[in-house]
1. Can you tell me how much longer the chain between GLU341 and SER324 gets when fully stretched, taken as 0.36 nm per residue apart minus their C-alpha distance, in nm with one decimal?
2. Want the number for ARG480 to GLU465: 0.36 nm per residue separation, take away the alpha-carbon distance, what's left?
3. Quick query: amide H of ALA354 versus all other amide H atoms, modeled in the peptide plane; which residues come in under 5 Å with a sequence gap of 5 or more or a different chain?
4. Sort 364-371, 395-402 for me by packing, meaning the mean count of neighbouring Cβ atoms within 10 Å per residue, highest on top.
5. Give me the Kirkwood hydrodynamic radius of the chain, using the inverse of the mean 1/r over all pairs of distinct Cα atoms, in Å to one decimal.
6. List the extent of the Cα atoms of segment 487-561 along each of their three principal axes, largest first, rounded to whole Å.
7. Can you tell me which of 228-241, 125-138, 99-112 comes out highest on packing, and rank the rest after it, using the mean Cβ neighbours within 10 Å?
8. Please report, in whole Å, how far the alpha carbons of segment 3-281 spread along each principal axis, starting with the longest.
Amino acid sequence: MHQGIATVSLSGRLVDKLPAIAAAGFDGLELFDNDLVASALTPREVAARCADLGLGIDLFQPVRDVEGVAPDRFGAVEHRFRVKLGVMAELGATTVLCCSNALPDAVDDVDLSAEQLHRLGDLAAEAGVVIAYEALAWGRHVHRVGQAWEVVRRADHPAVTLAVDTFHLLSRGDGPQALAGVPGDRIGFLQVADAPVLEMGLLEWSRHHRCFPGQGALDVAGVVAAVLEAGYRGPLSLEVFSDLVREAAPAVTARDAKRSLVFLEDQLATRLPAGSPAREVVTASPPAAARVDPAFVELAASPGADVERLLEALGFVAAGRHRSRPVALWRNGGAHVVVSEAPAEAMATGGATALGVVAPPVADVAARAAALLWPAVDVVRSRGEAVLPGLATPSGLHVLLSAEPGQADHWRGDFAALPPGATGGLEAGGAAGAGWVGLDHVAVAVPPDLLAQEVSFHRTLLGLEPGPVEEFVEPHGRLRSRALRPASGGLRLVLNAPETAAGAPRRRGVTQLAYAVTDVRAEAVRLREAGVPLMPVPDNYYVDLGARFSLPDEALADLRAHGLLYDRDTDGGELVHLYTAVLSTGFHVELLERRGGYAGYGGASTHVRLAAQA
């Protein structure tokens, strides 16, 4: 498919945007009039620059409010349109966007709108261009795609076509069915944008919160599939308005935008029926992981740091040594941690530097990462060692891809058992940790401006599906949180975007390792005896807990005595959990016991944890 992006979707000057668009691999662009008017480049120079970069100017957006105009003022519209058609001739663009009238004095007369579009169509035809008419979601009278199509149909002009914008269509509550009966050859342009579901005015939602496909919650793929099945074969172009893209470097945004279209084409490949003409224009990338399971967490520690003492206190035992590098394997039941030596100046105590996941087929997932332009991490491997491709997420977390157990590229094959007499071993779990089931989830702190990109990484590459955005109040600001899970597999990932006041503590990277256990009460006793600092829970929490759940007095007293937190979902599933204090590694550990199919994360107690850690 011919892929493009609107210049308004990138920050900077036009002269900076053009090379960024080309470098990301786009075929063309939509040129916003504001970008051209503010540029020192003439239209002919812009056209020449685009030609040198291999970019086509797929669409020019110079005018709006051109229909539904009082007849005595339509002459001014025609004058403006003629002038802009002259600019288009110098640009070499052949499609012009005209938006529905959003002014308060717009005339509610579909026949008048159709007549005025027909007159503009005559001017466009004389200039050798085509109008694509778009219904703005906040248009005064024409604000749905069906209304816009009726105006185009009544205009009955070969140079007047319909523009389809996924955001304008979906934000009004319409779906792909709204395009039923619209012939593909009457669709003049297709604009694509996603967005989170928000309760606010349409104009504010559109101007500040649009995002690229895969970063929001709208059925973008459904609308695009309907357009393609109707027979449309023109450009597919991203048009995103967002506060975040206005602040990010254009090269970063262009790459993010390009990979979103790769993801969109993957979705289309599954939505469009095999053998249909529409399916033939879609190029699918190598597949995402078939399933995703947690494998290990890698900690970096300088020689002499107290990471090993901390692991021992948590119940981990030394289980193996890497065959060629200074990396140790520690195990606690079904939980695995690898500790790599790092220079003291780089890591004073310790910290989680990588997350290992089992994500077969590894070769395909790595190839998919390359197609999506996700950066690889250089990792030196000796002959015979597992490949373990490494990738860097936008926030800087390293994700290492492992094959399944028993395969040559499974991560455990790189570790040799400890010599006889050692306290652990590859098959030893450690008596203390017999009840540790494994890694339940990992929480990662992400800068707010990178949250959408971080979601995009895990969704487009690993196939993790994001849940809704949750918001929590903390002592110095707020925390936005989004959990992700794969369709198949046990990996759970929670992305946290803290927005705190200047001077407040700001953590980044892995902030929480949550392990599932079979008896969290017994673990609370054991950890206290081992000297592991646990998060204090105020007595007020237990008073509130009793009010919310009507727990028996003895059950409430037991939770209080052991510093345990509790939650229950509407289906009766229960969560009993505890937190350590923030450890010397920079993160805290959660131990949790899920009962009766509980699938959440104890969000009702998050504000208590945030206050304790402030």
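Every number in this text was worked out from the coordinates using simple rules, so none of it is lab data. Small disclaimer: the values here were computed from a predicted structure and weren't measured. All Cβ positions, even for glycine, are placed from backbone atoms using ideal geometry, and neighbour counts span all protein chains on display.
1. Computed gain between GLU341 and SER324 is 4.8 nm.
2. That works out to 3.7 nm of additional length.
3. Residues meeting the amide H criterion: GLU298.
4. In descending order of packing, they fall as 395-402, 364-371.
5. The answer is 27.0 Å.
6. Principal extents (Cα only, largest first): 41, 35, 34 Å.
7. Details: 228-241: 22.4, 125-138: 20.6, 99-112: 16.1.
For the peptides 228-241, 125-138, 99-112, the packing ranking is 228-241, 125-138, 99-112.
8. Per principal axis, max minus min of the Cα coordinates gives 47, 44, 39 Å.
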